[in-house]
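Here's the structure, in structure tokens; my notes come after.
The values are calculated or read from the model by the stated rules, or taken from the named source; none is laboratory data. What you see is a predicted model; the values in this text were computed from it and never measured. Here the Cβ positions follow ideal geometry from the backbone for every residue, glycine too, while neighbour counts run over all protein chains shown.
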Amino acid sequence: MDDRGWRSRRIFTLGALALLYAAQGVPYGFATKYLPFVLRQAHFSRTKIASLGWLQLPWYLKPLWSPVADVPSLRSGWRARVALFSLQCLLAVCVAGFALFDVVRELPAWLALTFLAAATAATQDLFVDAFAVRALGPEDRGAANAAQVAGYKLGALAGGAGMLLLARRAGPGHTALYCAGAIALTAALALLLRRDEGPSGEQGPHRTEGEAPRATSLRAVLALVARALREPSARAVALLALTYKLAPTAAGSLLEPMLADLGWTPARVGFAVVTVGTVASLVGSATGGWIYHALGERRALVLGCVAQSVAIVPLVFLPLTGAPYVLSTVAIALDHLASGVATTALFAALMTATNREAAATHYTVLTSMNVVALATGGMLGGIAADLLAKVLQSERLAESVVFGLSVMGAALPLYFVRGWDQAARASATPR
């Protein structure tokens with residue numbers, strides 16, 4: 001394949017990956033944007049709403065079945081594409097199922113579908129991530145991770161804003177069906193993905209010098225990952241994955257319940273939090289990809305960490321001022337912008353720290369640590385706000401204090417970035 005054909009194929013691959021990641025974000029948008037607002041209107045406590053984050057449990061547990069995507073017969077070829085296509089179709093069916101039930105009167109059915117959709121999306125993610133790690137070279141990193149984060153955010157926008165903005169006009173059922181149809185259309189992309197030869201005639205990205213021997217069995221895959229996790233100098237990778245998004249997520253978990261308490265309508269929340277916030281996050285993702293290439297991996301991680309901490313500062317004042325619409329929208333946009341920069345930098349860095357021969361399993365373990373942090377942060381934010389509200393006798397002051405604590409917590413991961421380059425090499429090439 002010549003240089004021009006190779007570049008065209010890479011552009012197609014990045015676009016296809018973005019849309020496949022977007023499919024995963026749709027049910028997540030239902031669960032994290034629509035449900036919290038509707039349930040707060042139905043007088044659920046913040047702690048109960050935050051506990052719904054554990055419906056995303058399959059994302060935390062997917063390392064248990066991630067070796068399936070590393071089995072040699074499923075690493076590439078038609079079997080891998082058929083598996084991904086089938087999972088994409090199943091995800092569309094799950095999302096369509098939301099149309100059958102009323103979210104408040106038949107909440108258990110919604111919660112069950114949320115769990116099933118999370119399990120399907122998490123499994124689909126295994127195959128997409130494994131393909132991305134193996135098929136994309138270092139020159140694609142940054143752009144690929146921006147596509148990854150932006151695609152997922154677009155899916156969350158479709159699911160969250162779609163429900164909040166369109167539910168009153170088209171109804172939640174029809175909105176869910178529209179989202180399911182979009183997911184079904186992207187399923188065809190799974191059949192078109194393949195690892196092409198590059199301009200030099202070599203298959204996929206180069207293996208790095210000193211890389212562990214090729215894993216040819218499930219046992220070898222698990223051995224590679226276990227060796228990487230035991231590597232002393234690579235522990236900073238796991239600790240960074242666990243802490244990088246913890247405090248920002250604690251702050252973000254309070255937004256929808258707080259705005260519901262302050263009388264915001266679903267349409268207003270849909271525009272300010274979901275639409276403006278997600279667009280800002282997309283801009284942040286693209287900026288994060290550019291920063292990654294311009295400044296390098298370690299500096300991008302530092303900048304993302306600092307940006308997240310600084311962006312939470314305006315949120316401290318929202319509860320105390322009654323969350324005026326313009327100020328709140330700007331503050332939310334800044335928070336999501338910083339989150340997009342940081343998330344792209346983190347996922348690109350974790351991809352660098354992944355051993356290619358156990359790509360699905362190793363990358364899944366690392367990203368699942370981040371997902372655990374997201375759920376834990378959300379729970380901590382809700383619980384802390386409820387407890388402080390009782391102590392301080394003020395819900396608004398309690399929310400402001402949690403935002404303030406999150407500013408400090410968001411800066412803590414800087415400690416684990418110091419020796420990142422050595423840690424990433426040790427993780428990707430365990431001795």
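The criterion of at least 1 residues that are small (Gly, Ala, Ser), under 19 Å from Gly151 (Cβ atoms) and modelled with pLDDT under 90 is met, among helices (runs of 4 or more DSSP H) falling completely within the stretch 265-348, by 277-295.
For every residue, the table says whether it meets (1) in a helix (DSSP H, G or I); (2) under 17 Å from Trp59 (Cβ atoms); (3) touching a residue at least 24 places away in the same chain (Cβ under 8 Å); (4) under 22 Å from the mean Cα position of the chain (by Cα).
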| residue | (1), (2), (3), (4) |
| --- | --- |
| Leu84 | yes, no, yes, yes |
| Val95 | yes, yes, yes, yes |
| Ala99 | yes, no, yes, no |
| Val104 | no, no, yes, no |
| Leu111 | yes, yes, yes, yes |
| Phe115 | yes, yes, yes, yes |
| Gln124 | yes, yes, yes, yes |
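Please tell me if Gln24 is closer than 29 Å to Gly162 by Cα, buried (at least 19 other Cβ atoms within 10 Å of the Cβ) and either without any contact (Cβ under 8 Å) to a residue 60 or more places away in the chain or not hydrophobic (A, V, I, L, M, F, W, C) (or both). Considered against the rule, which asks whether it is closer than 29 Å to Gly162 by Cα, buried (at least 19 other Cβ atoms within 10 Å of the Cβ) and either without any contact (Cβ under 8 Å) to a residue 60 or more places away in the chain or not hydrophobic (A, V, I, L, M, F, W, C) (or both), Gln24 comes out as yes.
Looking at the stretch 381-399, which of its residues are in a helix (DSSP H, G or I), of a type outside the set (Lys, Arg) and surrounded by fewer than 21 Cβ atoms within 10 Å (Cβ to Cβ)? Outline the logic, then answer.
Our first condition is that a residue be in a helix (DSSP H, G or I); within the stretch 381-399, this holds for 381-392, 395-399.
Retained after the next criterion (residues that are of a type outside the set (Lys, Arg)): 381-389, 391-392, 395, 397-399.
Ile383, Asp386, Leu387, Leu388, Ala389, Val391, Leu392, Glu395, Leu397 - these are the residues of the stretch 381-399 that are in a helix (DSSP H, G or I), of a type outside the set (Lys, Arg) and surrounded by fewer than 21 Cβ atoms within 10 Å (Cβ to Cβ).
Taking the numbered list (1) surrounded by fewer than 18 Cβ atoms within 10 Å (Cβ to Cβ); (2) in contact (Cβ under 8 Å) with a residue 12 or more places away in the chain in turn, Gly263 passes all entries but (2).
Filtered by the rule that a residue be under 30 Å from Phe30 (Cα atoms) and without any contact (Cβ under 8 Å) to a residue 60 or more places away in the chain, the stretch 280-303 gives Val283, Thr287.
To keep it simple, each residue is scored yes or no on (1) in contact with an Asp or Glu (Cβ under 8 Å, 6 or more places away or on another chain); (2) closer than 22 Å to Ala411 by Cβ; (3) surrounded by fewer than 20 Cβ atoms within 10 Å (Cβ to Cβ).
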position: Ala323; (1), (2), (3): no, no, no
position: Val341; (1), (2), (3): no, yes, no
position: Thr344; (1), (2), (3): no, yes, no
position: Ala375; (1), (2), (3): no, yes, no
position: Met379; (1), (2), (3): no, yes, yes
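As a summary of the residue check, Thr354 satisfies the conditions (1) buried (at least 19 other Cβ atoms within 10 Å of the Cβ); (2) in a helix (DSSP H, G or I) except for the one numbered (2). Looking across the stretch 400-419, not a single residue is in contact with a Pro (Cβ under 7 Å, 6 or more places away or on another chain), more than 15 Å from Leu254 (Cα to Cα) and in a helix (DSSP H, G or I). Based on this model, can you work out whether Phe317 counts as surrounded by fewer than 24 Cβ atoms within 10 Å (Cβ to Cβ) and touching a Ser or Thr at 6+ places or on another chain (Cβ under 8 Å)? So Phe317 passes the test.
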